[in-house]
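Okay, so here's the structure we're looking at.
The values are calculated or read from the model by the stated rules, or taken from the named source; none is laboratory data. Only a predicted model underlies this, so the values are computations on that prediction, with no experimental measurement involved. Cβ atoms come from the backbone with ideal geometry, glycine included; neighbour counts cover every protein chain shown. Ligands, DNA and RNA are stripped out before the accessible areas are found, and what is left, the full protein with its side chains, is counted by its heavy atoms. Shrake-Rupley method; radii C 1.70, N 1.55, O 1.52, S 1.80 Å.
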Amino acid sequence: VTPENIPAATQLFTPHWIVQYMVENSLGRLWMLNNPNSKLIEKMEYYIKPETPESDYLKIASPHELKVCDPACGSGHILVYAFDLLYEIYKEEGIDESSIAELILKHNLFGIEIDERAAELAAFALTMKAAARSGSKRRFFRNTIEVNICKLETISFSDEEIGSYMDAIGRDLFTSDLQTTLKQFEEADNFGSLIQPAVKDVTVVLETLKEKNVSHDLFLAPTHEKVLQVLEQADYLSQKYHVVVANPPYMGNKGINGRLGVFLKDNYEDVKSDLFSAFVVRCATLGVENANIGIMSPNVWMYLASFEKLRSYLLKTKTLTSL
């Protein structure tokens, strides 16, 4: 399956009850662990309450902190339902209802996608959901709120282009990891969210470069914009989320194209037999320590020999809370 056909070959609509189940037992579960008396439980039809009290969980002090990511967000079905739960969480915390929608879009929800049309639909769905919950649609649309949906773009640089840019900006800023990261999006339409940026935290360097004014240089300006775009994409793919929920693409060896096969072998050797198994590992690395992960997957990983290493990884390094 060629890169341009991966979306068509792997996109599936996630039934709503499965979306509810995954989001309620990841985002909802995390909030209930931190707020055991929360009335949110009354809103969650598919929530599975822990059988015994738990103490080893991610501590969340405020709904503003919660970062929820769908790294293969499609048209945004999972994020839209996460919006609903987050709205109830904010409301329970006594936040002014007229500001909740904007707060959720700004602080809480992040989607990553390789298909342009799907990414546009996800952004549209979240925008309309937020507008409907904002109290005043007119005021909502007056205040431009950028939805955190990242459509991964294929971006490449020649060695000469990068060399000239570093000379102009200052080579001391460009660590070897940063230089590697700038090269990692040459096949973003093929590798998608499986890309793991070499730079673990781009925040400082991204802000530093944004302050550089190179608009006067006709040769440097286009490169500068591409560098900023790479770093913004890398920021979405960094390990910072408290909740990761996904219905990732499923594609076995027969469908995996040559370049993607090499990438999986180099970066996901133990779980390279299917895209979904690589995504299981990737979702875990997108989360902070003790993050809550919810994934819809085929059940073959539970018994086929080719997924033995995935089973071992999950059993040895993760905790299965529901299945």
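What Rg and what Dmax come out for the stretch 1-116 when only alpha-carbon atoms are used, in angstroms?
According to the Cα coordinates of the stretch 1-116, Rg and Dmax are 15.7, 50 Å.
If I model a spin label at ASP159 and LYS59 as a point 7 Å from the Cα along the Cα→Cβ vector, what separation in nanometres do I get?
For ASP159 paired with LYS59, the spin-label model returns 5.0 nm.
Give the aspartates and glutamates whose C-alpha is closer than 15 Å to that of LYS210, dropping any in the same chain fewer than 8 places away, or say none.
Straight-line reach from LYS210, under 15 Å: GLU225, GLU232, ASP235.
Tell me, what is the 1.4 Å probe accessible area of THR180, in Å² to the nearest 10?
Answer for THR180: close to 70 Å² accessible.
Return the distance in nm (one decimal) between the two label points of a simple spin-label model at ILE48 and ASN267, each offset 7 Å from Cα along Cα→Cβ.
3.1
Any chance you could look up the accessible area of HIS107 with a 1.4 Å probe, heavy atoms only, rounded to 10 Å²?
60
Express the accessible area of the stretch 253-303 per residue in Å², computed with a 1.4 Å probe while the remaining protein chains stay in the model.
Dividing the accessible area of the stretch 253-303 by its residue count gives 47 Å².
Calculate the FRET efficiency for PHE13 and THR208 from the Cβ-Cβ distance with a Förster distance of 41 Å, rounded to the nearest 0.05. Intermediate results must be reported in sequence, preceding the final value.
Working: r = 42 Å, r/R0 = 1.02.
Step by step, r from the Cβ atoms, then E = 0.45.
Who wins for biggest fluctuation among ARG259, ARG117, ARG171 in a Gaussian network model of the chain, springs between alpha carbons below 10 Å?
With Cα springs under 10 Å in the chain, the top fluctuation among ARG259, ARG117, ARG171 is at ARG171.
Hey, got the Cα dimensions of the stretch 166-323 along the principal axes, in Å, largest first?
For the stretch 166-323, the Cα spread along each principal axis is 60, 35, 23 Å.
Share of antiparallel DSSP beta bridges in the chain, in percent to the nearest 5? Working shown, then result.
Working: 1 of 14 bridges.
Of all bridge pairs located within the chain, approximately 5 percent are antiparallel.
Given 0.36 nm per residue, what is the gain on full extension from SER99 to LEU228 after removing their alpha carbon distance, in nm?
Stretched out fully, the SER99 to LEU228 stretch lengthens by 43.4 nm.
Tell me, what % of the accessible area of the chain is carbon and sulfur with a 1.4 angstrom probe?
Of all accessible area on the chain, carbon and sulfur atoms account for 51 percent.
From largest accessible area down, sort MET296, MET166, MET302; use a 1.4 Å probe on the protein chains.
On the way: MET296 50, MET166 10, MET302 90 Å².
Descending order: MET302, MET296, MET166.
Under Stokes-Einstein, with the Kirkwood radius over Cα pairs standing in for Rh, what whole-number D in µm²/s applies to the chain at 37 °C and 0.692 mPa s?
For the chosen part, D equals 157 µm²/s.
For every other residue with a beta carbon closer than 13 angstrom to the beta carbon of GLU93, add +1 if it is Lys or Arg and -1 if Asp or Glu, then tell me the sum.
My count for the surroundings of GLU93 gives -3.
When the solvent-accessible surface of protein heavy atoms is calculated with a 1.4 angstrom probe, in what order do THR14, THR175 fall, highest first?
Details: THR14 10, THR175 75 Å².
Ranked from most to least accessible, the order is THR175, THR14.
Binning at 5 angstrom from zero up to the longest distance, how are the C-alpha pair distances of the stretch 109-211 distributed in percent?
Per 5 Å bin, starting at 0, the Cα pair percentages come out as 2, 10, 15, 17, 15, 13, 11, 8, 5, 2, 0.
Kindly give Rg over Rh for the stretch 206-257, based on alpha-carbon atoms, with the Kirkwood expression for the hydrodynamic radius.
A ratio of 1.22.
Return the distance in nm (one decimal) between the two label points of a simple spin-label model at ASN290 and THR321, each offset 7 Å from Cα along Cα→Cβ.
The two pseudo-label positions are separated by 1.2 nm.
Using a 1.4 Å probe, how large is the accessible area of LYS200, given in Å² and rounded to the nearest 10?
My reading of the accessible area for LYS200 is about 150 Å².
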